[in-house]
1. Testing residue 152 on (1) surrounded by 15 or more Cβ atoms within 10 Å (Cβ to Cβ); (2) not in a loop (DSSP other than H, G, I, E, B), one condition comes back false. Which one is that?
2. Which count do you get for residues in segment 82-111 that are in a loop (DSSP other than H, G, I, E, B) and at pLDDT 95 or above?
3. Filter segment 256-274 for residues that are assigned to a helix (DSSP H, G or I) and under 17 Å from the mean Cα position of the chain (by Cα); which is surrounded by the fewest Cβ atoms within 10 Å (Cβ to Cβ)?
4. Any idea which residue in segment 197-206 is surrounded by the most Cβ atoms within 10 Å (Cβ to Cβ), counting only those that are in contact with a helix residue (DSSP H, G or I) (Cβ under 6 Å, 6 or more places away or on another chain) and in a helix (DSSP H, G or I)?
5. Which number in (1) under 30 Å from residue 172 (Cβ atoms); (2) surrounded by fewer than 20 Cβ atoms within 10 Å (Cβ to Cβ); (3) touching a strand residue (DSSP E or B) at 6+ places or on another chain (Cβ under 6 Å) marks the one condition that residue 80 misses?
6. Among (1) touching a residue at least 24 places away in the same chain (Cβ under 8 Å); (2) outside any helix (DSSP H, G or I), there is one condition residue 5 misses while meeting the rest; what is its number?
7. Does at least one position in segment 183-202 carry a residue that is modelled with pLDDT of 95 or more, under 22 Å from residue 48 (Cβ atoms) and in contact with a strand residue (DSSP E or B) (Cβ under 8 Å, 6 or more places away or on another chain)?
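The values are calculated or read from the model by the stated rules, or taken from the named source; none is laboratory data. Note that the structure is a prediction, hence the values are computed from the model and not measured. Here the Cβ is made from the backbone with ideal geometry for all residues, glycine too, and neighbour counts use every protein chain on show.
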């Protein structure tokens, strides 16, 4: 298997989009799968590398990426050495980052024998699922989309009314990362950028517009994104499938760091259902 890690793809927002490629090098065009992490996530979190290998072994060209402002750097793509970038992230930058990776794949001559640009799937986990659903509704190059433990609404993630005032007055709000103990900033631009682009960032509208195959996978014990959100996503489009993983949590039992040689059972089910969806 060919694995190329930490390729800096040039984006529109002054920071590189670190990208990994996993594929069987056989000079046969392979359908492309692009994976996008969620909030406080990154491409090397938990068992994502094992996920990539599993897809690649099914002769799929698997791409996973760090959003440019996720808080990682070229030198340290794991965890969050660049909290200033994290604080300046927003949904529009993430949508632009996916577009940049799509453009890079399209124009990368060295890979043209290995990729089938007529079959491109986006997979997103958690918040990343909301992003890929919007991108899939906008970009006609996307031929299918998969939500893993995905959110159904961005607006409900923001404070409102009196709770919004301190953030606006201070210009920044902090959230503690329980694993790294960092105080992670969100500058107020995150909220204003969302409000300026609220129509575009409405997940329900994006899902209703989808005319491509669309799979939703969700754990019934998801403690972070409740099962109700998966049911909402399912109700907004009759072209989709909802697959529930009984008793699974938000990360499908993967943790950071993941030191086992095999996928956790719940995440293995997610990957199997996704590959079946893509190859059936």
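1. (2)
2. Residues of segment 82-111 that are in a loop (DSSP other than H, G, I, E, B), as a first pass: 82, 88-90, 108.
Those left that are additionally at pLDDT 95 or above: 82, 88-90.
Counting residues in segment 82-111 that are in a loop (DSSP other than H, G, I, E, B) and at pLDDT 95 or above gives 4.
3. Filtering segment 256-274 for residues that are assigned to a helix (DSSP H, G or I) and under 17 Å from the mean Cα position of the chain (by Cα), the one surrounded by the fewest Cβ atoms within 10 Å (Cβ to Cβ) comes out as 271.
4. 203
5. Exception for residue 80: condition (3).
6. (1)
7. Checked against the condition, which is being modelled with pLDDT of 95 or more, under 22 Å from residue 48 (Cβ atoms) and in contact with a strand residue (DSSP E or B) (Cβ under 8 Å, 6 or more places away or on another chain), segment 183-202 yields at least one hit.
Conditions tested, residue by residue: (1) over 25 Å from residue 33 (Cβ atoms); (2) surrounded by 14 or more Cβ atoms within 10 Å (Cβ to Cβ).
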residue: 100; (1), (2): no, yes
residue: 111; (1), (2): no, yes
residue: 158; (1), (2): yes, yes
residue: 195; (1), (2): yes, no
residue: 209; (1), (2): no, yes
